[in-house]
1. Averaging sequence separations of C-alpha pairs under 8 Å and six or more residues apart, then dividing by the length of the chain, give the relative contact order as a whole percent.
2. Which percentage, to the nearest 5, of the DSSP beta bridges contained in the chain is antiparallel?
3. Taking a ≥ b ≥ c as the square roots of the Cα gyration tensor eigenvalues, with a/c under 1.5 meaning rounded and otherwise prolate when a/b beats b/c, else oblate, which class fits segment 94-232?
4. Place +1 on the Cβ of every Lys and Arg and -1 on the Cβ of every Asp and Glu in segment 45-349, take the dipole about the Cα centre, and give the residue among Ala278, Leu219, Leu173 whose Cα lies farthest towards its positive end.
5. I need the calculated FRET efficiency for the pair Val335 and Asp104, taking r as the beta carbon distance and R₀ as 35 Å, to the nearest 0.05.
6. Divide the volume of the convex hull of the Cα atoms of segment 45-349 by its number of residues and quote the answer in cubic angstrom per residue.
7. Starting from 0.36 nm per residue, how many nanometres of slack lie between Tyr60 and Arg160 once their C-alpha separation is accounted for?
8. Working from Cα positions, state the angle (0 to 90°, nearest 10) between the long axis of helix 300-316 and the longest principal axis of the chain.
Amino acid sequence: MRLGRKAFWTGMVVSALGLVVLLEVAAFAQAQSSTSAATSNEDAFAVNKKLGRGVNVIGYDPLWRDRSRARFRPEFFRMIREVGFNHVRINLHPFRDNPKRGEDPAGLREEYLRTLDWAVDEALKAGLMVVLDFHEFQALGKDLAGNKDRFLACWEVIARRQQHRPPEVLFELLNEPNTAVTPEAWNQLLREALAIVRRTNPTRMVVIGPAQWNNIAALDQLSLPEDPNIIVTIHYYSPFEFTHQGAAFAGRADKVGIRWGSERDKQAVVADFDRAQAWAEKHRRPLYLGEFGVYDRAPQEDRVAWLSFVTAEAEKRGWSWAYWQFDGDFIVFDVKTGRWIEPILNAILRRQ
């Protein structure tokens with residue numbers, strides 16, 4: 001009987017010790033899985049500085065529907081880093097690329113999510129930071145009520161799926177809120193989306209811009225929650241008649257030959273950027289110029305001058321930026337030839 005009691009108490013001690021070990025292992029695992037949250041407490045201004053220079057990629061690449069049809073190749077991430085960029089802004093179209101929603105609130109195919117994982121993996125492997133940009137601005141702009149629930153459901157899935165990523169991965173809640181997503185509606189919607197993200201990514205840096213197409217003029221209408229892990233984004237395509245000349249999608253197919261580069265032109269950019277900087281300083285938020293560019297039918301000399309001036313003025317104020325875009329109409333890289341468009345690359349990186 002004594003032996004039985006001894007064995008009993010020995011078993012209890014062993015069990016207790018085992019429980020302690022298990023708790024310690026669980027705590028360690030939790031700490032490991034929360035690494036991104038712990039290390040992303042870095043100041044938003046410091047993270048924004050690390051973002052530095054970037055380029056928008058693969059938003060309109062067929063790889064999202066079928067990887068075998070991809071234009072963008074894995075080695076392009078390494079090339080982007082080697083040429084001098086610090087990050088990529090990956091444009092996501094979850095609605096467009098997952099048309100058969102079914103009963104799932106988000107309706108994201110597993111293949112789509114694996115492609116997203118691949119893109120983030122390859123970018124990080126190349127030494128690039130990543131901004132995951134929810135680019136369904138047209139669908140939400142046309143029908144906010146009909147798309148709101150799916151928008152929030154998509155963020156729940158994406159945030160949960162990417163929660164263990166390092167702090168070099170940032171989330172951008174919505175590209176260019178517009179039309180139905182009024183400033184008032186956006187101020188409410190961004191809070192709902194941010195709350196969903198924060199359930200699984202409590203301290204990840206999140207990028208949020210103003211309504212009216214991320215326009216500098218709409219910054220005063222942007223209302224943000226008291227969350228220190230936010231970087232504010234703006235877009236810049238002014239003057240529109242110059243930057244979008246020749247663009248059929250903008251109704252300007254036959255409007256070409258518009259010049260830029262006078263002192264008056266430059267001062268208009270300075271005034272716009274000074275306005276944005278004044279807002280940033282007042283609200284103590286870092287600024288990210290998430291899109292800017294000139295359509296490739298503009299006069300080359302003026303296109304180069306505008307790009308060089310805009311990037312110089314952005315960096316002078318400590319902003320990070322992402323050029324629109326890698327390939328496509330505002331092209332900086334020719335996928336067919338595998339070569340950079342040197343005048344444009346040199347202009348945005350301001351290389352001689």
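1. With pairs under 8 Å counted, the relative contact order is 17 percent.
2. Here the share of antiparallel DSSP bridges comes out near 5 percent.
3. Verdict is oblate for segment 94-232.
4. Farthest towards the positive end: Leu173.
5. Efficiency, rounded to the nearest 0.05: 0.60.
6. For segment 45-349, the hull spanned by Cα atoms encloses 127 Å³ per residue.
7. 33.6 nm
8. 50 degrees
Any read-out appearing in this document is the output of simple, stated calculations on the displayed coordinates, not a laboratory observation. Just so it is clear, the model here is predicted, and its values are computed rather than measured. For neighbour counting, all protein chains shown are included, and Cβ atoms are generated from backbone atoms with ideal geometry for every residue, glycine included.
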